[in-house]
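Structure first, then comments.
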Amino acid sequence: MKLSYQDLRQGICCIDTFYYRPNLDGCYLIQQDDEAALIDTGTSHVAPAVMELLALRGLKPEQVKYVIPTHVHLDHAGGTGQLMALLPQAQMVIHPRGARHMNHPEKIVAGTIAVYGEEVFRERYGTILPVPEERTIEAEDGFEVSLAGRKLRCIHTEGHARHHFCVWDGQSRGLFTGDTFGMSYRELDTEQGPFMILPSTPIDFDPEAWHDSLERLLRLNPTQLYLTHFCRIDQPALRAQALHREIDDYVAIALGAGGAQRELQIRDELTRYYRKRLREHGSRLSDAEIDEVLGMDMELCAQGLEVWLKRREKQG
């Protein structure tokens, strides 16, 4: 994989992982003096590009102290084991609910293969290596690590996944948000600014918890958001407003669907919803162009809402 990255200043670089396409998925290098950390990793295919960037930045592998996946979904954490094998002094910092999946990835691998098949899995994710337990830090809510005195704080944020945290960097006043602050693709930017998309990917969509997580993060008064999907955006409070609205709209869309083809109905309604929202946002993309950018996400979001409905029905 070729190296493509953006220098965002303040010691932060966003590396494009080329997951499906350019500008969809990124991971971050934070450098402070002679120490560094990685936040999210992309898939195992990204490891050579990360090592190339380290060399370009004058860093040796042993200067990376931490590898910090925000959660264990494989577009965020699939490359963790590969990178840990290449970074001899690094420790993995992970949510306590996600640690076992990184130490023993057999279950998450089997589940992903069951969905996509062996060939597609290997092409998309490569080999998922386990992370040794002795190099694992289970980060409780509020846990901090230090890079040459620069504090990075892990903040538990449910809503998208129960094993999710965000990382607060007080020096840049930025949040590394994983999926909690949604997705924002540059192809969808307009004169009104970035466009926000809520990822209700299976299996842990929780609307009430998500509202709470967004409000908790805003209390830090961040000035910028470092999204995994994709790169840096500003005006966090304005972006949160859009996501609060989408959480409620997702619930309404899910509850309004029914019948044997409920998941398909949800997907189609989400597609219509985002086409309309993008028109309101000033997008000049055609329906076909919007669907090309958002098609995979609409499938995954519909699956997540269907899982949420089934869990809700089971609970009575």
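See the values below:
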| read-out | value |
| --- | --- |
| Among the residues listed as I253, I247, the single one being in contact with an Asp or Glu (Cβ under 6 Å, 6 or more places away or on another chain), under 17 Å from L198 (Cα atoms) and assigned to a helix (DSSP H, G or I) | I253 |
| Residue match in the stretch 281-291 (condition: open to solvent by less than 10 Å² (accessible area, probe 1.4 Å), within 27 Å of T157 (Cα to Cα) and of a type in the set (A, V, I, L, M)) | no |
| Breaking point among (1) in contact with a strand residue (DSSP E or B) (Cβ under 9 Å, 6 or more places away or on another chain); (2) open to solvent by 60 Å² or more (accessible area, probe 1.4 Å); (3) under 26 Å from R162 (Cα atoms); (4) charged (D, E, K, R), for R267 | (1) |
| Filter result (open to solvent by 70 Å² or more (accessible area, probe 1.4 Å) and of a type outside the set (D, E)) within the stretch 270-280 | R272, K276, R279 |
| Residue list for the stretch 154-170, restricted to those being in a loop (DSSP other than H, G, I, E, B) and either open to solvent by 20 Å² or more (accessible area, probe 1.4 Å) or closer than 15 Å to I137 by Cα (or both) | E158, R162, H163, H164, G170 |
| From the options R216, R173, residue that is open to solvent by 30 Å² or more (accessible area, probe 1.4 Å) and at negative phi | R216 |
| Q224 open to solvent by 60 Å² or more (accessible area, probe 1.4 Å) and closer than 23 Å to D169 by Cα | no |
| The stretch 100-124 residues that are on the phi < 0 side of the Ramachandran plot, paired with ones that are open to solvent by 100 Å² or more (accessible area, probe 1.4 Å) and not polar (S, T, N, Q) (beta carbon under 7 Å, 6 or more apart) | H101/K107; N103/E133 |
| Segments classed as strands (runs of 3 or more DSSP E), wholly inside the stretch 1-109, with at least 2 members that are open to solvent by 30 Å² or more (accessible area, probe 1.4 Å), of a type outside the set (S, T, N, Q) and at pLDDT 95 or above | 5-7 |
| Sole residue being open to solvent by 60 Å² or more (accessible area, probe 1.4 Å) and under 24 Å from E306 (Cβ atoms), chosen from E246, E208, E187, E191 | E208 |
| Pairs with Cβ under 9 Å, 6+ apart, first in the stretch 215-228 and outside any helix (DSSP H, G or I), second acidic (D, E) and open to solvent by 40 Å² or more (accessible area, probe 1.4 Å) | T223/D234; Q224/D234; L225/D234 |
| Candidate set: the stretch 270-299, residues that are at pLDDT 95 or above and among the hydrophobic types (A, V, I, L, M, F, W, C); chosen: the one nearest to A254 (Cα to Cα) | L270 |
| Top-ranked residue in the stretch 227-243 [being closer than 16 Å to G193 by Cα and in contact with a strand residue (DSSP E or B) (Cβ under 6 Å, 6 or more places away or on another chain); ranked as surrounded by the most Cβ atoms within 10 Å (Cβ to Cβ)] | L227 |
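Residues are listed down the side, and each one gets a yes or a no for (1) touching a Phe, Trp or Tyr at 6+ places or on another chain (Cβ under 8 Å); (2) small (G, A, S); (3) without any contact (Cβ under 8 Å) to a residue 12 or more places away in the chain:
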{"position": "I253", "(1), (2), (3)": "yes, no, no"}
{"position": "L264", "(1), (2), (3)": "no, no, no"}
{"position": "R311", "(1), (2), (3)": "no, no, yes"}
{"position": "G316", "(1), (2), (3)": "no, yes, yes"}
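The values are calculated or read from the model by the stated rules, or taken from the named source; none is laboratory data. Keep in mind the model is a prediction, meaning the values are calculated, not measured. Neighbour counts are summed over all protein chains in view; Cβ atoms, including those assigned to glycine, are modelled from backbone coordinates with ideal geometry. Only protein heavy atoms, including side chains, enter the accessible area calculation; ligands, DNA and RNA are left aside. Shrake-Rupley method; radii C 1.70, N 1.55, O 1.52, S 1.80 Å.
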